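Everything on this sheet refers to the single structure shown next.
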Amino acid sequence: MGLLRTERGLKLRQEADAIARRHWNAQRLLEPLPVVIPFADKLTFPSSWLRTRRDYARFLNLIEVSAFLHQHQREKRNGALASQGQVIVAAVADYGVAYSLAASVLAETLSDVRKPLKEAYEHIRELSNGGEGTISRREIREALNVPDSTVRRWLSDLVELEYLSIVETGRQGAGKAARYRLAEEEPKEQLVVGLLKPEELRERLS
């Protein structure tokens, strides 16, 4: 709290106020106009997105936000209905912005492994010496202090997705537990697969 009363604190407050004023002034220049995406019917998306409208809508929202923030560099025209007034027309450049942002904003959607399972995979990688060694269910359970049912689910899912392989099958009564090894392929974001590239969209519209 003492910093706020020093000369340095005063300078920091003045800089923060100046930044806030710039943002406020920039926002005042933006008109509250709706955005249309004239090429929406030309877009293709990863097949997994078709199972949920939310994922599809989230990507389109990125296009709309880019067009809205760049409205002074975008075409404006009257809406199809007289009551709509003017609308902002999204450009391919806005699709390009959405495409580049999708990997971070929609990372979980674009990955074939959801966040909790991806975190479990990373823990298993660390516990197995970067994937060089093998590991058992018990070793994971004790190292991470999680219920056995949770570890069973992780291992089952990762084996089914072929990110883990069973290298030793446990035998009841023999005192030997199953051991697992990381596969060569690891979970990754599937941004390119099924998502139209900006240059491909330009070709479709030309």
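Descriptive notes on the structure:
- Pairs with Cβ under 7 Å, 6+ apart, first in the stretch 191-206 and hydrophobic (A, V, I, L, M, F, W, C) and open to solvent by 70 Å² or more (accessible area, probe 1.4 Å), second in a loop (DSSP other than H, G, I, E, B) and at pLDDT below 90: 193/46
- Residue within the stretch 138-149 that is open to solvent by less than 20 Å² (accessible area, probe 1.4 Å) and modelled with pLDDT of 90 or more present: yes
- When the helices (runs of 4 or more DSSP H) confined to the stretch 3-110 are screened for residues that are modelled with pLDDT under 65, those reaching at least 2 such residues are found at 7-28, 107-110.
- Residues of the stretch 113-165 satisfying the condition of being over 24 Å from the mean Cα position of the chain (by Cα) and free of Cβ contacts under 8 Å to residues at least 12 places away in the same chain: 129, 130, 132, 141, 142, 145, 146, 147, 148, 149, 150, 156
The values are calculated or read from the model by the stated rules, or taken from the named source; none is laboratory data. On a predicted model such as this, the values are computed, not experimentally measured, just so you know. Don't worry about glycine lacking a Cβ; one is built from the backbone with ideal geometry, like all the others, and counts go over all protein chains shown. Heads up: the accessible areas ignore ligands, DNA and RNA and are worked out on the full protein's heavy atoms, side chains in. Shrake-Rupley method; radii C 1.70, N 1.55, O 1.52, S 1.80 Å.
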